Every structure is written in C-alpha cells, then in structure tokens.
1. Run the helix sum for the chain: -39,500 (n - 2.57) per DSSP H stretch of 4+ residues, divided by residue count, reported at 222 nm to the nearest 500 deg cm²/dmol.
2. Pop out the carbon and sulfur fraction of the accessible area of the range 10-72 as a percent, whole number, probe 1.4 Å.
3. For the chain, build the charge dipole from Cβ charges (+1 Lys, Arg; -1 Asp, Glu) around the Cα centre, then report which of 14, 90, 109 sits farthest towards its positive end.
4. To the nearest 10 square angstrom, what accessible area does residue 224 show with a 1.4 Å probe?
5. Report which label in (1) 30, 21, 16; (2) 33, 20, 16; (3) 24, 21, 15 holds the value of semi-axes √(5λ) of the Cα gyration tensor in Å derived from the coordinates of this structure.
6. Please state the shape class of the range 68-159: rounded when a/c is under 1.5, otherwise prolate if a/b exceeds b/c and oblate if not, all from the C-alpha gyration tensor.
7. I'd like to know which of 186, 146, 47 lies farthest towards the positive end of the charge dipole of the chain, counting +1 on Cβ of Lys and Arg and -1 on Cβ of Asp and Glu.
8. Taking only protein heavy atoms and a 1.4 Å probe, what accessible area per residue, in Å², does the chain have with all protein chains in place?
Amino acid sequence: MKVLDRLSAENARTYALRVLQYNIINLELVPGSTVSENELSAILNLSRTPVREALIELSKVGLVEIQPQRGSYIAKIDYELIEESRFMRLVLENAVLKLACEGISQEYMDKLKENLRMEDNILKKENAERLFELDNEFHKLLFHSVDKARTYEIIRSQMVHFDRLRALSLKTVKPDKTVEDHENILYAIERRDAELAEMLMTRHLTRHRVEKSELLKAYPEYFVK
C-alpha cells in the first residue's frame, strides 16, 4: 500500500479516505483482499476511528464490503457498475466536446498539447501510474476549457469503478492506444469537427469492452462473476 503525504488542512478522516481510495483505484489494495482497521491505522499513523469512518464511506460507493463479524474486503470490479458510470461520462463528455469544437481558447489548446507531449514521454518510460494521472488531466482540461469544471468534479466522484478498470488496463494492456486516442480527439477539436470528435471519444471510452476478455483472463479473481 502506498502512503501519501498528508495535506496541511486535512483532518484524519479525510486523509484516510483519500489514501484508501487512491490505493483501491490504483490496485495497490487488490480486489477481493481483506483489510484490517488495526493494520491500516498503524500504516497511516492514525487512530481506528477515522479509518473505520473512511471504510464506511467507501462501502457506500461500492469500493469496500463490510461484513459484520467477518471483516472488511476490497470490493471486486463489477462491469455493471463500470458500464453505468461510463454511460454518464460519455454523454457529458461528448457534450463538452461539442462546445470545445465551437470554440476553445489558445491557452487551453496549448495546455492540451503539453499534456500530450508529457504522455508521449511517459509512454516511453512505461510508467503506468503517471500515465493514468495524465489521462485524467487531459479529460479535466477538456471540461475546464468550456467552463464546466464543476461538472467534471461531479463525474470524477462517480467514476471510481471505471477508474479501477482503467488503471488495470494501463498495467496490463499496451497503453499506447490511450495516447493515440487523445491525439486524435485533439485533432478533431482543432478542425472544429464535432461529429468526428464524438466518434473518437465514444471509441475511447468504450475501448474497455474490447479489452474485457484479456483482463478477465489475466485477473479472473479481480472481477465479480
């Protein structure tokens, strides 16, 4: 498990929640594995109360299963939950792309191009974790470019299940398709071709369906049967 630095204004519960969610999404805490309040408290140098509260919060969004008298478990990856969150994201993100194709500032075009440059560099270094962060940043920039930052934050809160699958995919399947998709989407935006941008984003956000059999074969124990 990776322990993150605690932010200056962060209380114990918020810190525990952030660290645990990070480790679940990035598969440092393996789907189906048990988690102990005592062990987590020792690792994070916290009392049991904020850790317990964090686990309860994570159980509400389906990332943790708490079984009375038996303990807590990291929930397995559920394709039904992934599909629902992906559907919401795709609808909103295609709407954002349409707005971007109607007009996007040079400032944000430069930021998106810089993001792609960093993605290319990280791809060569085979750093899946950093590429995952840059992938998120690319989509965040799209929302911010059309003044939809709050909409992006709403989506982020609902994307935890899809994010776990994306993290697993980047570690298992060659991630060059992710960068290629981003390059093509930006090309469509530059051309102000909303129809092409929507087609490319739809392909980008449904790529997990193509990779499904490969991931299930490699990690059958990670998924809900």
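1. On the way: 11 runs with 159 residues, N = 225.
It comes out at -23000 deg cm²/dmol, rounded to the nearest 500.
2. Values: 1490 of 3160 Å².
Answer for the range 10-72 is 47 percent, counting heavy atoms of protein chains only.
3. The Cα lying farthest towards the positive end belongs to 14.
4. Roll a 1.4 Å probe over it and residue 224 shows about 80 Å².
5. Label of the calculated value: (2).
6. Numbers: a/c = 2.80, a/b = 1.47, b/c = 1.91.
Because a/c hits 1.5 or more and a/b fails to exceed b/c, the range 68-159 counts as oblate.
7. The listed residue farthest towards the positive side: 47.
8. Details: 12060 Å² over 225 residues.
Result: 54 Å² per residue.
The values are calculated or read from the model by the stated rules, or taken from the named source; none is laboratory data. Because the structure is predicted, anything quoted here is derived from the model rather than measured. Glycine gets a Cβ as well: all are built from the backbone with ideal geometry, and neighbour counts include every protein chain shown. SASA here: full protein model, heavy atoms, side chains in, ligands and nucleic acids out. Shrake-Rupley method; radii C 1.70, N 1.55, O 1.52, S 1.80 Å.
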